[in-house]
C-alpha cells in the first residue's frame, strides 16, 4: 500500500484484527511498510465468531475533522453477524465520508451479497478474490491507498484495472 502511493504522499495505516471470542486489537498508526509488516507478522489466528461490527465502530470513531480516515479495507471470508447491524454501521460511515472497501476471499454467496451491500451503502467498493490471487489483492490494496491519498482523481489517472474496478463502484462526487 505504501509503495502504491507517490513518494512524498502521507499515508498512515492502522492494522486492526479480531480473533477468539472477544479479542479486538488496533495497532498505532503506521507510516511505513516495514513497521506494518512487523505488526502483521505478530498476528496469529484463533477461532471465533466475526466481530465486523466492532471493527466498523472502531473505524467510525477513528477519524476527526482535522485527521480524517479515508477508507477501511476489510479482508474476510465470512460473516456471522446480523446484516442489519452492519448495514446500519456502513450507513453511519457514509455520513462521515468513510467508505468501506470489502474484499472477500472465497465464494460464499450470502457473504458476497452482504459485503457488496455494505460497500455500496458506505460509498466504497467490493471485490472478490481467491487464495490463488494474492497479487490481485495487492493491486486492490494499492488502489485503496491511491484513493486514500489522492481521491477519485488518482484512480482515474492510473489506468490500472484494480483502480478502474474501484472507480466504477465509488459514488460520483456530485452525488455523495
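Can we say residue 114 is buried (at least 16 other Cβ atoms within 10 Å of the Cβ) and within 13 Å of the chain's Cα centre (by Cα)?
no
If you scan segment 64-78, which residues turn out to be closer than 16 Å to residue 105 by Cβ and not in a strand (DSSP E or B)?
Hits for segment 64-78 are 77, 78.
How many residues does segment 150-176 contain that are touching a residue at least 24 places away in the same chain (Cβ under 8 Å) and either surrounded by 19 or more Cβ atoms within 10 Å (Cβ to Cβ) or outside any helix (DSSP H, G or I) (or both)?
Qualifying residue count for the region: 5.
Of the residues 127, 119, which single one is free of Cβ contacts under 8 Å to residues at least 60 places away in the same chain, crowded, with 20+ Cβ neighbours inside 10 Å and assigned to a strand (DSSP E or B)?
One residue alone meets the criteria, 127.
Of all residues being part of a loop (DSSP other than H, G, I, E, B) and within 18 Å of the chain's Cα centre (by Cα) in segment 44-63, which is farthest from residue 76 (Cα to Cα)? Just the residue, please.
Here the answer is 63.
Which residue is farthest from residue 159 (Cα to Cα), if the candidates are limited to segment 97-116 and must be part of a loop (DSSP other than H, G, I, E, B) and touching a residue at least 40 places away in the same chain (Cβ under 8 Å)?
97
Taking the stated definitions as given, is residue 81 more than 19 Å from residue 141 (Cβ to Cβ), over 17 Å from the mean Cα position of the chain (by Cα) and without any contact (Cβ under 8 Å) to a residue 60 or more places away in the chain?
The answer is yes for residue 81.
None of the figures in this text is laboratory data; all of them are computed from the coordinates on show. These figures come from a predicted structure and were not determined experimentally. Every residue, glycine among them, receives a Cβ derived from its backbone with ideal geometry; neighbour counts consider all protein chains shown.
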